[in-house]
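Please read the structure below before turning to the comments.
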C-alpha cells in the first residue's frame, strides 16, 4: 500500500470516527475528493464496528483447537487424518483409505479405552447391524468395522462433509420454504429407516448434517433401536431407554418416562426439530436438566406456539430480528406465517400422546407438502371455511371459475348462462365480479361437500382436484348435450390457463373446439371463438407455430363472419399480434396492434377498455423497438382509459403504470420513474396481498430508479426484497431469480462491498449452471461478473480460472458473436499483467485485438489494454 | 521444563541487558510453556473458565518467573510472549488443519459434547481464522509494522494500552488510534477472505 495514501486514509478514518455514523458519508464527501480513498475509509469504518468481536473469535477459536490426546496414525487399514470429535464413549476420526487410486474418506468411531464394557460393545455391534440394513441416500452409510490393534472396536462410516441442519439453515439464510423442503428430505430419510424397522431415537440438529449440495444426512444410529424380529437380544435393548441415552430437548414424553418406544418417538423429535428450524428457538428449555424437570416439561407442559415462542427470547437467545433475517423475512411477516398451518403441523407432530401424532414421518412430510402447495392440511378438521380460505389464497380467479363450474354441475345447468359468460370472457372481467361472487363461492364449496359425503378426512379437495373432477364429469354427464359441454370445457380450459396449467388447458380447449364444431358447425362464431381461445393457450405453452396458425385462422374466420372493420375482427387481430410479439416478430406485431387499435378506437370509442388494451400492448412493442416517446404517449393513454373504466385499484391499471414507470426510466427520468414505481408497488401490494412475480419486477425497477439516483444503499434494500420474493414465487426459474441475484450483486459491487457482491454473483452462477448448463449466454455473462469482482478484489488467480472457463464455454455458444470474447479476454490479459505474467498477458491481449480490432476505442476495454501495455512493455 | 524458573528470570534480565543468546534460549521455553498451558486448558481442567490468551500469558509468567521482576522486564516478557502466543496458536491450528488439506470443514457428530463446536460453526472454521489473521498481520506489518505489533501485543499478549505504549515507545493515544485502525483493517481483510 502506498504510504501517503495510507496516511490519508488513516487521518480521514479517525476524523470520521469523531462524528456520529450517520454523518460519515457527508463528512467524507466534503473532506476528500478521491472516490477510491473515500471507499477505502468507508469500508474500514464499517469493518470497525465488529472488529473486536471478529478478532477475538479468531483467537479464542484457535485456543480451543489445542488438543490433548495423541491421534493414532492408523486404524485398521485406514490412515487417520484427524480427530473429528470426542464423545463420552467414543472418539470419531476422519480417515482415508487408498482404494485403487481413489482416496475414500471415512469417519471412524472408536470406543474409548475404559469404555469398552459389554454394554457399550453390544451397542456398537447393534449400530453396525442397523446401519448395514439401511441403504438410503440421506443416511450416512456403514462401510466397515473391526477392532484396533489394542482390541478397541470401531465402526467405519461414510464421512459427511457438511454442517448441522440448524446452523446450515441459518448460515445460508434459508427462507421458510427452503427449510421446509429440506426438512421434507429429513422426514423421508427417517421414514426409510422406519420402514427398515429402525427407530433412530436421537434425532437432533447435530445428528442431521447438510452437505454442500444441500442434502441432509442422518447420522449416529448409536442408540437406535431395531423393531421386530432381530438376531440381537431384544431384552437388552429395552433396558437402554434411560435418561443417559437421550437428548432431553428432543425426547418424547414416552421416551422421558422410559416407556417402550415406537416410530412415534422419532415423529415427535422431528416435530421439535421443525419447531426450531421454523421459529429459531427450541420448544423447551431446561434450567437444570434434572429428571424431574425434564419429565414435567416434556410430559405435561404444552410448548408455546411458534409465533409466541419467536417473540419471547430466553436469555442468550438471538433477537426476533436476527431470527427473521436468517429466514429472509420481516419479524411481523414471520410471525404471521408461523401463526397458521405451520403451527398446526408442529403441534400435531409434537402431540403428547403418540397416537395423536402424525401416524408416520411420511404423513408429516405429506402435510408439509400440502402446506407448500397451499392445500388443506390433513392435520386439521376440514371445515368449509378453512378449505375456502385455502382455495382463495391459491387463486382468486380459480375460485370464481371453479365455483361457476360447480354451480353448473350441481344445479342442473339451469340459470348458469349469465355466470358462464362472465367466466368465459376475459380474466380481468371475471375479476371485476369477484366480490359479488364470493358469496356464491362459499355456498358452492359447501355444496360440493354435500355432493360427496363419502369424502374421507385427509382426502381434501383442492382447486386442482375440483377441476379434475369436473373435467371427468363433463363428458360423462353431458355427452348428449355438446353445446353445454363445449361451454363448460372451454370454461375449464380457461381456468386451467389462468392457473398456469397450460398443458391440460390446451387439451380441454381442444376438446371444447371439437364439441363446438359438432354442435354449431365449422363455420360458426362459436368455433371461431374456440380457435381464438386455443391460440391463446398455445402461446402460453410456447408452441408458437401452432398458436400462429390458429390465430391466423381466427382472424380469417372473423373477417368472413363479421367483415371489416368490426370489433370481433379487431380482437382476433389483436390476438394474432400477441402471438407475433411473443415470437419476437416485432414488425408484424407492431403493424397488427396498430390496426387493431385503430379499429377499436373507431368502433368502441377512445375510452373503451379494449382500446386501452391495444394501446398498452402496442406500446410494449414500441418499448422493445426503442421508440420511447411514442410508447410513453400510448402508455399514458392506456392508463387514463383504464383508470376511467376500472378505477385505480385494478391489476390492469397497475400493469400500465408499471410500464409507464419503466419507459420513464428508459428515458433517464429516474426521479419520476421512482415515484411511479412506488405507486405501482403500493397498488400491487394491495392487489396481490402476497408475493407475486409482478411485484418482483416492480421492486426491481424501483431499485434501479433509486440506484440510478446514486442512493445505492436504499436501492439495495429493494433489490433484496425483489430477490427474496423471486426466490419465493419462482425459485425454479433460473432466469428470474438469477436476474435478481445479479442485480443485487451489481449493486453491492457498486458500493464497494465486493465480498458480498461475490457471494450473490456466485449464487447466481450456481443457479444458472445447475439449470441452464455451460453453453448459455446468461451463464457466460454471470461468469464474467464473477471474474470482474474477483479482479477488483485482487484475486487475480481465481479470476483467471473463472475467465478461462468462461472463454472456453462461450466459444461453444451458438450464435454468440465472437468479438464478444474481447470482454473476458481483455480482463484475462489484465489479470496476467497484474501477476507480471507478461507472456500470457500479451498473448491473450493479442487474441482479443484479433477478434475485436476496435478495442482501443471502447471506453470499457481500452483501459485494460493500457494496463497490459504498461505492465508488460 | 528443563530450566529452573530462576533461570528464566536471569535470562529475561540478560536479554533486556542486550544479550541476544538469552532470548534464543528463552524463546523455546516460553513457547513450550504456552503450548502446554493451551493444551491443558483444552482438557477442560478449568471448566467454565473463560479461555483467554491474556490469562495464558499471565499464567506462563507466574509459573516461569520466580522472582518478581521490575516493570520493564515484565513488559518485555509479555511482549515476547505475545509473539510466541501467536506462534503457538497458529502452529496448533496448522497441525489441526493439516488433515483437511484440499477440503472444507468435515464435521461428524457423535454425542452431545460435540454439539457446541458444531453449533458455533465448527472448530475448523476458527482454525482457519487464526491462520488468516496471522497472514493478515503479516501483510499489515509489510506497510505499517507498528500497527501490526500493537495488535499482536494486545491480542496475543494481553498487554495493557500503557504497557504496549511502553514497549513501542509511543503515547497511549497513539496506541489506541493504531489499535482501532489496525483492527478495522484486519477485520475487513478477514471478511474479504471469508466469502
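Computed values, structure above
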{"item": "Candidates A:163, A:99 - the one that is within 14 Å of another protein chain (Cβ to nearest Cβ) and either over 27 Å from residue A:359 (Cα atoms) or modelled with pLDDT of 75 or more (or both)", "result": "A:163"}
{"item": "Failed item in (1) over 23 Å from residue A:46 (Cα atoms); (2) under 16 Å from the mean Cα position of the chain (by Cα), with residue A:705 passing the rest", "result": "(2)"}
{"item": "Evaluation of residue A:211 against (1) touching a strand residue (DSSP E or B) at 6+ places or on another chain (Cβ under 7 Å); (2) under 19 Å from residue A:358 (Cβ atoms) (one fails), failing number", "result": "(2)"}
{"item": "Among (1) crowded, with 21+ Cβ neighbours inside 10 Å; (2) under 23 Å from residue A:697 (Cα atoms) - the single one residue A:640 does not satisfy", "result": "(1)"}
{"item": "Set A:526, A:546: member being farther than 20 Å from residue A:610 by Cβ, out of contact with any strand residue (DSSP E or B) (no Cβ under 8 Å at 6 or more places or on another chain) and not assigned by TED's automatic domain parsing to the domain that holds residue A:600", "result": "A:526"}
{"item": "Any chance residue B:159 is in a loop (DSSP other than H, G, I, E, B) and either modelled with pLDDT of 90 or more or away from chain A (no Cβ under 11 Å) (or both)", "result": "yes"}
{"item": "Total residues in region B:162-187, condition more than 12 Å from chain A (Cβ to nearest Cβ), touching a helix residue (DSSP H, G or I) at 6+ places or on another chain (Cβ under 8 Å) and under 23 Å from residue B:61 (Cβ atoms)", "result": "9"}
{"item": "Test: residue A:58 is at pLDDT below 85, away from chain B (no Cβ under 13 Å) and not in a loop (DSSP other than H, G, I, E, B)", "result": "no"}
{"item": "Helices (runs of 4 or more DSSP H) completely within region A:112-222 that count 3 or more residues being surrounded by 23 or more Cβ atoms within 10 Å (Cβ to Cβ) and in the same structural domain as residue A:277 (by TED's automatic domain parsing)", "result": "A:176-195"}
{"item": "Residue that is nearest to residue A:859 (Cα to Cα) [pool: residues in region A:808-829 that are in contact with a helix residue (DSSP H, G or I) (Cβ under 8 Å, 6 or more places away or on another chain) and not in a helix (DSSP H, G or I)]", "result": "A:816"}
{"item": "Scope region A:29-47; condition surrounded by 13 or more Cβ atoms within 10 Å (Cβ to Cβ) and under 39 Å from the mean Cα position of the chain (by Cα); matching residues", "result": "A:37, A:38, A:39, A:40, A:41, A:42, A:43, A:44, A:45, A:46, A:47"}
{"item": "Qualifying positions in region A:750-760 - surrounded by fewer than 22 Cβ atoms within 10 Å (Cβ to Cβ), assigned to a helix (DSSP H, G or I) and more than 9 Å from chain B (Cβ to nearest Cβ)", "result": "A:750"}
{"item": "Checklist (1) buried (at least 21 other Cβ atoms within 10 Å of the Cβ); (2) more than 14 Å from every other protein chain (Cβ to nearest Cβ); (3) within 19 Å of the chain's Cα centre (by Cα) applied to residue A:654, failing item", "result": "(3)"}
{"item": "Count of residues meeting criterion [assigned to a loop (DSSP other than H, G, I, E, B), at pLDDT 80 or above and facing chain B (nearest Cβ under 8 Å)] in region A:61-96", "result": "0"}
{"item": "Output for region A:4-23, where each listed residue is closer than 20 Å to residue A:748 by Cα and either within 9 Å of chain B (Cβ to nearest Cβ) or surrounded by 19 or more Cβ atoms within 10 Å (Cβ to Cβ) (or both)", "result": "none"}
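Yes/no per residue for (1) within 14 Å of chain B (Cβ to nearest Cβ); (2) over 29 Å from residue A:25 (Cα atoms); (3) at pLDDT below 90:
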residue: A:732; (1), (2), (3): no, yes, yes
residue: A:736; (1), (2), (3): no, yes, yes
residue: A:770; (1), (2), (3): no, yes, yes
residue: A:798; (1), (2), (3): yes, yes, no
residue: A:802; (1), (2), (3): no, yes, no
residue: A:808; (1), (2), (3): no, yes, no
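The values are calculated or read from the model by the stated rules, or taken from the named source; none is laboratory data. It should be emphasised that the depicted structure is a prediction, and the values quoted were computed from it without experimental measurement. Reconstructed Cβ throughout: ideal geometry from the backbone, glycine too, with neighbour counts over all protein chains shown.
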